[in-house]
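Quick note: the coordinates plus some simple rules give every number you see, no bench work behind them. All of these numbers come straight from a predicted model, not from anything done at the bench. Cβ placement follows ideal geometry from the backbone for every residue including glycine, while neighbour counts extend to all protein chains displayed.
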Amino acid sequence: MITDYASLKAEAIEWMDRAGQIGKAETWVQRGEPKLNRKLGPMETDALLTATIGSRDLDISSLNVVQPLALFISEPGCAEITVQPQSSAAMPYEVGPGRPEMFAVEQFSTIHLNRPADAQYPFRFHYSGRFSLSEAAPTNWLLTNHPDVYLAVVLVWGAGYNEAWENGAVWKSILDEAIPEIASLIRKSQRGTLRTDPALIDAARRGGYNIYSDR
């Protein structure tokens, strides 16, 4: 069963019947994902993050974020707590440690919290991002909901690597049929979806925005 990055690579090797090429599966994934990004565009997904005690930063550099959407403290057995979005320039920073109430995204690589964390808070970061599986980001929306499509794009490149052109054509035909269907589902699901203030998105790109400005 394909559930994450590791199981996707293992399944690809099994389908290719190339046990000695386990180290190549990562390359096949990396070569296949640009096609998914071109055809489907950025996807909304979640990443689970954990605060470091005494730090106000969360590293999201491995996530390939296009648009930050929301951040929640997501402790087991408790209702999620919304962490309010702010711009880096306007967010009031607290010196004393505690539970964060606000966040700002800088350069799409770091989430700044308004205060140092006093515990290892678990966060759920909801964002729009490009397909880019890794050990740090082992799953995404497409892999969870359409693992067969992710496997197909990986096997196209696996077949190419092994010059198994006939097999590659089979997987490509599966991929070409499935992608338009998924694109249609995405368009339907995006109607009425939560969005972040464009000013905050711009702030993430530029590293700062004053919400009290007229511009």
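From Cα pairs below 8 angstrom and at least 6 apart in sequence, can you work out the relative contact order of the stretch 5-206, rounded to a whole percent?
The value is 28 percent.
Just order 146-155, 98-107, 174-183, 41-50 by mean Cβ neighbour count inside 10 Å, highest at the front, would you?
Going from most to least packed, we get 146-155, 98-107, 41-50, 174-183.
Please work out which option in [x] 139; [y] 183; [z] 119 gives volume of the Cα convex hull per residue in Å³ calculated from these coordinates, and answer with its label.
[x]
For the chain, what is the mean residue ellipticity at 222 nm derived from helices alone (per DSSP H run of n ≥ 4: -39500 (n - 2.57); sum divided by total residues; nearest 500 deg cm²/dmol)?
Taking each H run of at least 4 residues, the total per residue is -12000 deg cm²/dmol.
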